[in-house]
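To start, the structure under review is shown below, and the notes come after it.
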Amino acid sequence: MSKSTITSVELNYLVFRYLHESGFNHSAFSLGFEAGINKCDIDGNLVPPGALITIVQKGLQYIEMEANVNNSDIDIDEDFSLLKPLDLITKDVDELQEIIKEKKREKIQNDPGKDKEKAKEHVDEPERQPGIERERERRDRDKDQEKEKEKIEKDKEQEKDKEKEKEKEKQQMERKDKAKLDENAVGGGPEPMDITPSSQPAASEISSSDVIILEGHNSEVFACAWSPTGSLLASGSGDSTARIWTIPDGHCGSSVQTTPASVHVLKHFKGRTNEKSKDVTTLDWNGEGTLLATGSYDGQARIWSRDGELKNTLIKHKGPIFSLKWNKKGDFLLSGSVDKTAIAWDTKTWECKQQFEFHSAPTLDVDWRNNSSFATCSTDHMIFVCKIGESRPIKSFAGHQGEVNAIKWDPTGALLASCSDDGTAKIWSMKHDKCLYDFTDHSKEIYTIRWSPTGLGTSNPTQQLVLASASFDSTIKLWDVDQGRILYSLDGHRQPVYSVAFSPNGEYLASGSLDQCLHIWSVKDGKILKTYRGGGGIFEVCWNKEGDKIAACFSNNTVCVMDFRI
């Protein structure tokens, strides 16, 4: 009988999938790039979720069985409880057998009577026939089950008796309380009403009948973005495609829509086969809404027309692209990659204007400060402010103790916000070397941050500027950056929050989590106004330019669009 073996390629893929499923996307992409996952011929659709855990668990169980079964001179415990998981991982079978023998001897010494009884059975009984032995074991098992059943029934009866007793005591206490009220009552008026503390009104649930569900992707949808003009919605997926959906005007939902949304499929591969190396990781529209840029796992950026026509392919990065941003003017496109670099592309010629090689590890995010300068952040814990034409960073920010996941300039370009795996969000200024504020209220990694479209430099200049941070601790924090303090902790999700987005008027915040819920919050008082429960974890949420529709992309391969009306 041949032994099944697992190759290093297969093991790498299982670890890659485990990291991806656990939400460690940056680590997954880094491993995938280093191990060449994109070159392996494993069909990911055939590998079930949690495969690595399942295989490791089964391996431990097999080692337990092997160690116990080979102890022929000692009885086997059915629950194999004599071995600890760490022993199973660190010791070979011979050592495990010695541990079992020693544990058995200890048990025998602690219960000598039981050992004598067992020894007597072995001496006195004649050799048993296999069939009779199995029948006797079955009868013993049945007896044990019957005893267990009787015990459960007895426990239930006792529990019922206790409940009755408690109810009786409760009624007696209520009668006593009522008697006291009657004694203290003046004028014999009506009995006082039960007063409950005022609580936050329950958020209204957005019904699935009021939602457009866009189907067509064959894998998780990682990114989505509304065009700044018109009603086009772009989505990027692990199926190596992006899609541009035309969302009909008017209300969303099956009760209103009679025709499905039209769609352009933007294939990132040639031929019929899906190439996992071309998963779409990020996308961004230019300011006019005429061009869509997509970044892919293969390290290439692609430029598409709003009709889905491939205009250009930008090839220079040597690793997956994690971030793509157009500047406001639209004459440069910025890309950040696992290859540790950022590239500014000239959109007139589509050639590399300048490659910035300052980081010592993968670049995770990029963000424009103005039309010629920008910031980059990395797993190397550093943030650099760069300018086209300059060969060195014009500013360096050091202070984070973990990977810096995201950076965002405020609407004026005066303040830079950053968030990290170290659980902190920080505010930086070009006038200082150290951070202005260090927000430490989160208890786990902070995945993303967003500035409100309010204050100076926005269309809502009289409203307060607010920073939102979303964390793996399942909370969102709203920060007052003028005072450097927390405004609200939004505690409505039950799993990591991957995405937040402010409405165009700055009054509302949408959030999406792995708990499958999209919440819409009031920025004014930090309360949930509406909730939509989808069919998978949510990777990104975004508002359209009018602020009356919200899109969300899910791990169950769908994109959902819903109306926002208070």
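The values are calculated or read from the model by the stated rules, or taken from the named source; none is laboratory data. Since we're looking at a predicted model, the values are computed, not measured. As a convention, Cβ positions derive from the backbone with ideal geometry for all residues, glycine included, and neighbour counts pool all protein chains shown. For the accessible areas, the whole protein counts, side chains as well, though only heavy atoms, and no ligand, DNA or RNA atoms are used. Shrake-Rupley method; radii C 1.70, N 1.55, O 1.52, S 1.80 Å.
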Item to check | Any hit, segment 534-555, residues being open to solvent by less than 30 Å² (accessible area, probe 1.4 Å), over 22 Å from residue 243 (Cα atoms) and not small (Gly, Ala, Ser) | outcome: no
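Please specify each residue of segment 427-486 satisfying the condition of being touching a His at 6+ places or on another chain (Cβ under 8 Å) and either hydrophobic (A, V, I, L, M, F, W, C) or open to solvent by 70 Å² or more (accessible area, probe 1.4 Å) (or both).
The one that is touching a His at 6+ places or on another chain (Cβ under 8 Å) and either hydrophobic (A, V, I, L, M, F, W, C) or open to solvent by 70 Å² or more (accessible area, probe 1.4 Å) (or both): 476.
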Item to check | Pair list, Cβ < 6 Å and 6+ apart or interchain, from segment 240-253 residues that are under 30 Å from residue 38 (Cβ atoms) and open to solvent by less than 30 Å² (accessible area, probe 1.4 Å) to residues that are part of a loop (DSSP other than H, G, I, E, B) and at pLDDT 95 or above | outcome: 244/308
Checklist outcome for this item: Within segment 287-303, restricting to residues that are in a loop (DSSP other than H, G, I, E, B) and open to solvent by less than 10 Å² (accessible area, probe 1.4 Å), the one that is nearest to residue 239 (Cα to Cα) is 299
Checklist entry - Can you name every residue in segment 320-346 that is part of a loop (DSSP other than H, G, I, E, B), in contact with a strand residue (DSSP E or B) (Cβ under 8 Å, 6 or more places away or on another chain) and surrounded by fewer than 20 Cβ atoms within 10 Å (Cβ to Cβ)? => result 328, 331
Checklist entry - Is there a residue in segment 358-370 that is without any contact (Cβ under 8 Å) to a residue 40 or more places away in the chain, closer than 30 Å to residue 229 by Cβ, open to solvent by 20 Å² or more (accessible area, probe 1.4 Å) and over 25 Å from the mean Cα position of the chain (by Cα)? => result no
Next on the checklist: Please return the ranges of strands (runs of 3 or more DSSP E) entirely within segment 376-420 where 2 or more residues are at pLDDT below 95.
Outcome noted: none
Checklist outcome for this item: Residues in segment 500-533 that are part of a loop (DSSP other than H, G, I, E, B) and open to solvent by less than 20 Å² (accessible area, probe 1.4 Å) total 4
